[in-house]
Amino acid sequence: MTRTLAVVTAGLRSPSSTRLLADRLTEAVVRAVREHGQEVVVEVVDLREHAHDLTNMMLTGFASRGLQDAIGTVTGADGVIAVTPIFSGSYGGLFKTFFDVVDDGSLAGTPVLIGATAGSARHSLALDHAVRPLFAYLRSVVVPTAVFAATEDFGRATGSTTTDTEPMAVRIDRAARELAALVVAREQDRRTGGPGTLTVSFEDLLSGQ
Amino acid sequence: MQFGIFSVGDVTMDPTTGRTPTEAERIQAMVAIALKAEEVGLDVFASGEHHNPPFVPSSPTTLLGFIAARTERIVLSTATTLITTNDPVKIAEDYAMLQHLADGRVDLMMGRGNTGPVYPWFGQDIRNGIALAVENYALLHRLWREDVVDWEGRFRTPLQSFTSTPRPLDGVAPFVWHGSIRSPEIAEQAAYYGDGFFHNNIFWPIEHTQQMVRLYRQRFEHYGHGSADQAIVGLGGQVFMRKSSQEAKREFRPYFDNAPVYGHGPSMEDFTAQTPLTVGSPQEVIDRYATMRDHVGDYQRQLFLMDHAGLPLTTVLEQIEILGEEVVPVLRKELAVGRPAHVPDAPTHTARVAAAGGSRTSGITAVDDVTGVSPEHAQVTR
């Protein structure tokens, strides 16, 4: 069975440490899904490429074709990795804008692994105080381990136990296993036929059901 | 195939002069636009309904009644009538009255309205938008077809032995379109009743319009009103024309860049590529709108938004002249080519009366429904 994994990354520069973290998480999730005996196809949505279209959609109400495809990739995936830089104590505006324009309910039940980057570890709680509640609103299923990477984390050795925090590789691996377990268990025929499909009969609507 | 104008009725500053028209000027401008539309041979004038500034048309039947008195041929319609926050009884009464005064030149387009506070201002809740549209229209539909209605629902006080007066002209209700951009429930509603479906696609890519129209057509056939290609479809449109493409773009750009809704967003070039907005020569407009049926099938009504973004009245009237004299005659010819004979024309009152087997006058006026006494009976007992 082949699963789809969408990776949303909201780094503003290229190359970006947010993208770097997203790539590390992706590798780990792909590995973990394969350990379950399933295949996985990865689609990366780099929000930087859609920044203008996102603003336009906020103003006009409709998505350009490229943005529509990106939204479809994310809402149709079996699992999502969502990584944002932390700015002013919370997710970046570009990251929030993307999740503001997806249809209500379209990410309900979707397993999500959240990650964030910032200059220092002092911003790490933004993941649990800002990013996690955003996905609670979207009714997504966020895995317990969220992965935060401060700049200094990129210099720590795998398996190091010399500091009071677990090294990034250990957290990445744990988060990836948590997401993979949800992704492989996801029911296959969960979609209702896409937009333009009625979920109740008109007779039910008429009788006020 | 009908062609016409629909107006939102917004009072918007002209970004090239900094001048904002008064409400009085804007209301008179809407009348002038409707008269011009008839003069240049267009078929429909439709007014929006709004209950908040900067919009003037809060009372569409007053406006349309006035226009009816000053025109002879053009069909008067709405874009849209708020089926959610208006009392369906009052819609039944107001539009039946207008239908009589306009000698049948009336139809309506139902819409939910997307201005949040209008709902509470009229005692409703926007979260019930779809449910209101479904229940209110079900009542309106009966009020125009049954002389005496007993009714009970969720949103309105019950009715016992209620007769909506005047009864529809010739016993035939005004034709109804249901406008929706993205709610499948409304496409379904239009299909259920065999009413028209209008997709106001002016801010939407054609692929989306195609999807909604396809749903409506399939369901129209499902409910047994005819084959899918006989369903009654209307589309919105938006154009600005000058002799040359360059002239049109130069003159319209400041209006585009500052327009409510899309101004300060996408570039005019992106927006024209992604939506039906066409800024160019009359021939470019013809070429663009001649292809709409390739996406949605042969359709019945094409409305254009011309008076918006602060365009001065003189410019709007020029635009309507170009539309009526240079564009629509060609589109009429082109869209008639290859149109199957079984695809119906846009419904008109005359055609609907004929389809109903002729005029049927209700006898309801012979009875005073308060005293229950008919004139003849009153004489006998006296």
To the nearest 10 degrees, how steep is helix A:17-35 against the longest Cα principal axis of chain A, on a 0 to 90 scale? 80 degrees
Under 5 Å from the placed amide H of B:M306, counting only residues 5+ away or on other chains, we find B:F6
For region B:2-381, which whole-number percentage of the solvent-accessible area (1.4 Å probe, protein heavy atoms only) is attributable to carbon and sulfur atoms? 53 percent
Can you give the longest run of chain B that contains no GluC sites (Glu not before Pro) sitting in a DSSP loop with at most 10 other Cβ atoms inside 10 Å? B:153-382
In nm, give the distance between the simple-model label positions of B:S227 and B:E321, each being 7 Å from the Cα along the Cα-to-Cβ direction. 4.4 nm
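Of the beta bridges DSSP finds with both residues in chain A, what % are antiparallel, to the nearest 5? Don't jump to the answer; show the numbers that get you there.
Values: 2 of 27 bridges.
Approximately 5 percent, going by the DSSP bridge assignments.
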Interface size between chain B and chain A, please: total buried accessible area, 1.4 Å probe, rounded to the nearest 100 Å². 1800 Å²
Burial ranking of peptide ranges B:173-184, B:116-127 (average Cβ count within 10 Å, highest at the top): B:173-184, B:116-127
Helix B:23-39 sits off the longest principal axis of the Cα atoms of chain B, rounded to the nearest 10 on a 0 to 90 degree scale, by 90 degrees
Which residues' amide hydrogens lie under 5 Å from the amide hydrogen of B:E49, considering only partners 5 or more residues apart or on another chain, with H built in the peptide plane? B:A79, B:T80
Over the alpha-carbon set of chain A, divide Rg by the Kirkwood Rh and report the Rg/Rh ratio to two decimals. 1.00
Residues losing 20 Å² or more accessible surface upon assembly, region B:185-205, compared with the chain by itself, 1.4 Å: B:E185, B:E188, B:Y192, B:F203, B:W204, B:P205
Relative to the present Cα-Cα distance, how much length would full extension add between B:F122 and B:T20 at 0.36 nm per residue of separation? 33.9 nm
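So, with a 1.4 angstrom probe, what is the percent of accessible area on chain A that is carbon and sulfur? Write down the numbers at each step before the final one.
Values: 5060 of 10050 Å².
Looking at chain A in its full context, I get 50 percent from C and S.
Determine the dipole magnitude for chain A: charges of +1 sit on the beta-carbon of Lys and Arg, -1 on that of Asp and Glu, nothing else is charged, the reference point is the Cα centre, and the result goes in debye to the nearest 20. Show your work: numbers first, answer last.
Values: 19 positive and 24 negative charges, 89 e Å.
The calculation lands at about 420 debye.
Explain nothing, just the number: relative contact order of chain B, from Cα pairs under 8 Å at least 6 residues apart, as a whole percent. Could the numbers behind the result be given before it?
Working: 698 pairs, mean separation 70.2, N = 382.
Computed over chain B, the figure is 18 percent.
Just to be sure I follow: if Rg is taken over the C-alpha atoms of region B:2-381 and Rh is the Kirkwood radius over the same atoms, what is Rg/Rh? Show your work: numbers first, answer last.
Numbers: Rg = 21.3 Å, Rh = 21.7 Å.
In region B:2-381, Rg relative to Rh is 0.98.
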Between the helical axis of B:245-258 and the dominant principal axis of chain B, each derived from Cα atoms, what acute angle in degrees is found, rounded to the nearest 10? 60 degrees
When the scattering of the protein assembly as shown is computed by the Debye formula from its Cα atoms alone, each counted once and equally, what is log10 I(q)/I(0) at q = 0.05, 0.09 Å⁻¹? -0.29, -0.81
Amide H proximity to B:F198 below 5 Å, modelled H, separation 5+ or other chain, gives B:H178, B:G179, B:S180, B:G234
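How crowded by other chains is B:258-267, given as the mean number of beta carbons from other chains within 10 Å of each beta carbon?
Taking all residues of B:258-267 together, the mean is 3.
Given a 1.4 Å probe, how much area per residue of the protein assembly as shown is accessible, in Å²? Each step should come with its number before you reach the end.
Working: 25950 Å² over 591 residues.
About 44 Å² of surface per residue is accessible.
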Computed for chain B: size of charge dipole around the Cα centre, +1 on C-beta of each Lys and Arg, -1 on C-beta of each Asp and Glu, debye to nearest 20, value 240 debye
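The values are calculated or read from the model by the stated rules, or taken from the named source; none is laboratory data. Computed from a predicted structure; not experimentally measured. Positions of Cβ are generated from backbone atoms using ideal geometry, with glycine treated the same way; all protein chains shown enter the neighbour counts. Just so you know, the surface numbers come from the protein's heavy atoms only, side chains and all, with ligands and any DNA or RNA stripped out. Shrake-Rupley method; radii C 1.70, N 1.55, O 1.52, S 1.80 Å.
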